[in-house]
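To start, the structure under review is shown below, and the notes come after it.
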Amino acid sequence: MSSVSIIERRILEAVRDAGKKGLLQRELWKILGIDSRNGARIVRRLEQQGYLTREAVMYKGRKTYIIRITKKVLTPITVDFILKSIPCFTCEYLERCGEGAEINPIKCKKINKWLSEYVRKKEEGN
């Protein structure tokens, strides 16, 4: 997904948790404690991005929407093995590592070892 705000993430989680039956828009506002004006704007944006669908329905004599999650959100993201093997993602120093910092990729033994092995394997054709 692209950059998703906290409230957008909460909306997606609530609708996903509702399952296939979906969630009435008004129920969503109550669950999240947000006003309908801002909520509807965010839901429309998520719908335009392909994360949600809205179906117009009548509820207690008033038009509202049932919101459902799309396959786009439910489809798991697969990460290529090469990315999983990079030591930075599991490094205990990741938050303190960076260019110009005491701990940095240039001086890092783990990443340099990994890069050397990666290049060697590429040259061998593996």
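The values are calculated or read from the model by the stated rules, or taken from the named source; none is laboratory data. All values reported here derive from a predicted model rather than from experimental measurement. Note that each Cβ is placed from the backbone with ideal geometry, even for glycine, and that neighbours are counted across all protein chains shown.
For the condition over 30 Å from TRP114 (Cβ atoms), under 14 Å from the mean Cα position of the chain (by Cα) and either exposed (fewer than 12 other Cβ atoms within 10 Å of the Cβ) or assigned by TED's automatic domain parsing to the domain that holds LYS110 (or both), what is the one hit in ILE69, ILE11, ILE6, ILE77?
Answer to the check: ILE6.
Is it the case that some residue within segment 16-36 is in contact with a helix residue (DSSP H, G or I) (Cβ under 6 Å, 6 or more places away or on another chain), exposed (fewer than 13 other Cβ atoms within 10 Å of the Cβ) and over 30 Å from VAL119 (Cβ atoms)?
No, segment 16-36 contains no residue that is in contact with a helix residue (DSSP H, G or I) (Cβ under 6 Å, 6 or more places away or on another chain), exposed (fewer than 13 other Cβ atoms within 10 Å of the Cβ) and over 30 Å from VAL119 (Cβ atoms).
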